[in-house]
Amino acid sequence: MQELDALDFKKPIFSQEVLEWIAKENLWNLWVPKKYGGLEMSFSEGLKKLRLLAKTDGSLGWTVTLCSGANFFIGNLKKEVADDIFLDAAKPVCFGGSGGVFGTAERDSEGYIISGTWKYATGAPYLTHFTLNAKIQENGNDILQENGTPMVRSFVLEKSQVEIIRDWETMGLKATATESFKVESKWVHEKYSFVYNQVHQPHPIFKIHFSLFADLTLWVNYVGMAEHFLEEARNVSASEEYTVPLVSNLKRADTLLIDYAKEIEEGIEQGRGFTEKFINRVHHEASKSVQLISQSILMVYPSLGILASTEGHLLNQIFRDYFTATQHHIFRKGTTESRIFKDLE
């Protein structure tokens, strides 16, 4: 922790020192199997690590969460592709990209010609590979599934095949550099495509339904940032009468996170599947928890004085980071009942 505390997180983009520390700690590879150079953390262990990082700095926690979450897709890659990308890599592998379906993949011989513009690739300047979702087409026409919806597949592309669009101009999470990116008629072999619910690695972590994985890994970021906000608020003498709801909601979130992570791990160990009812219950509780934490922070904020509104003050940065994070479509109010990746599975 002492080395982490010494790092400077005030810049609008991660310094080389921060990136080297992330690489040294192997944080891009929290979930990656050890045989591929990863940490192979259990779900509970990884969640604790992500919360600590988010508490230290919002951009740090968010970027590691989304990029290690993209590296999680190693479980969906065919062995030859995983070997090709992760074994003997010249530098630490860092995936990232977009969860939206913003482009097309035209079938062409043994591969696809990919075109489109995708938004919100967390850590774009730090990535070695980009992941994206695209509608499969043939002769310019969408290929439809049995239910009449367009067929969608996910792809992993090398950074050299992608053009980054510098358009991340938010009030917070600046160092996440969550830029858009464009692909113009790049041919990609079929083997570099994948589907979220098709797993090629035997490790327990890859048996977690991806919606559950996404919900809990993001949820711990809100908890970590909110806990940091609470500590800093107390440092400027925030009255206990204003902080009580935040303390209560953070304790409740902690309990739920620990219990759900344990239930998920035990379910995998016992060979149980994840029912739609359970997946929706976790998402509902996570969404409700984030909304309650947000309301609690807003109860504290007006009591903190001008310091909390001063650019450059840590409280102000945490506030901006947290509420920028709340705009992620998984937890944004009004969209929290929609299921991420539903159409991709």
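Read the figures in this text as sums done on the coordinates, not as results from a lab. A quick note: this is a predicted structure, and the numbers were derived from the prediction, not measured. Glycine gets a Cβ as well: all are built from the backbone with ideal geometry, and neighbour counts include every protein chain shown.
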(request) Against the globular-protein guess of 2.2 N^0.38 Å, express the Cα radius of gyration of region 95-194 as a ratio, rounded to two decimals. (result) 1.10
(request) Could you please state, rounded to a whole Å, how far the C-alpha centre of region 218-260 is from the C-alpha centre of region 97-111? (result) 41
(message) Could you derive backbone 3J(HN,Hα) for region 183-191 from the dihedral phi with the Karplus parameters 6.51, -1.76 and 1.60 (θ = phi - 60°), listing whole Hz in sequence and x where the residue is Gly or Pro?
(response) 10, 10, 6, 9, 7, 10, 5, 3, 5
(message) Under the 0.36 nm per residue contour assumption, what length would be gained going from the current alpha-carbon distance of residue 276 and residue 10 to full extension?
(response) 91.6 nm
(request) Return a whole-number percent for the relative contact order of the chain, with Cα pairs under 8 Å and 6 or more residues apart as the contact set. (result) 18
(message) Counting other beta carbons within 10 Å of each residue's own, what order do 28, 21, 187 fall into, fewest first?
(response) 187, 21, 28
(request) Starting from the coordinates of the alpha-carbon atoms of the chain, obtain the Kirkwood hydrodynamic radius over all distinct pairs and give the value in Å to one decimal. (result) 20.9
(request) Calculate the translational D of region 136-285 in whole µm² s⁻¹ from Stokes-Einstein, where the hydrodynamic radius comes from the Kirkwood formula applied to all Cα pairs, the temperature is 20 °C and the viscosity 1.002 mPa s. (result) 108
(request) Report the full-extension gain for the segment residue 269 to residue 83: residue separation times 0.36 nm, less the Cα-Cα distance, to one decimal in nm. (result) 64.3 nm
(message) Given the -39500 (n - 2.57) contribution per DSSP H run of 4+ residues, what per-residue ellipticity at 222 nm results for the chain, rounded to the nearest 500 deg cm²/dmol?
(response) -13500 deg cm²/dmol
(message) Along the charge dipole of region 67-164, pointing to its positive end and built from +1/-1 on Cβ of Lys, Arg, Asp and Glu, which listed residue (73, 121, 87) has its Cα farthest out?
(response) 121
(request) Could you tell me what fraction of 2.2 N^0.38 Å the Cα radius of gyration of region 208-344 comes to, as a two-decimal ratio? (result) 1.15
(request) Please report, in debye to the nearest 20, how large the charge dipole of the chain is about its Cα centre when each Lys and Arg carries +1 at its beta carbon and each Asp and Glu carries -1 there. (result) 340
(request) Calculate, for residue 144 and residue 248, the FRET efficiency according to 1/(1 + (r/R0)^6) with r their C-beta to C-beta distance and R0 51 Å; round to the nearest 0.05. (result) 0.55
(request) Quick one: dipole size for region 1-124, taken about the Cα centre, charges +1 on Lys/Arg Cβ and -1 on Asp/Glu Cβ, in debye to the nearest 20. (result) 400
(message) Using the Cα centre of the chain as origin and beta-carbon charges of +1 (Lys, Arg) and -1 (Asp, Glu), tell me which of 54, 171, 331 is placed farthest towards the positive end of the dipole.
(response) 331
(request) Starting from the Cα-Cα distance between residue 35 and residue 332, subtract it from 0.36 nm times their residue separation and give me the gain in nm to one decimal. (result) 103.2 nm
(request) Select from region 1-84 those trypsin sites (Lys or Arg not before Pro) which occupy a DSSP coil region and have at most 12 other Cβ atoms within 10 Å, ordered by residue number. (result) 10
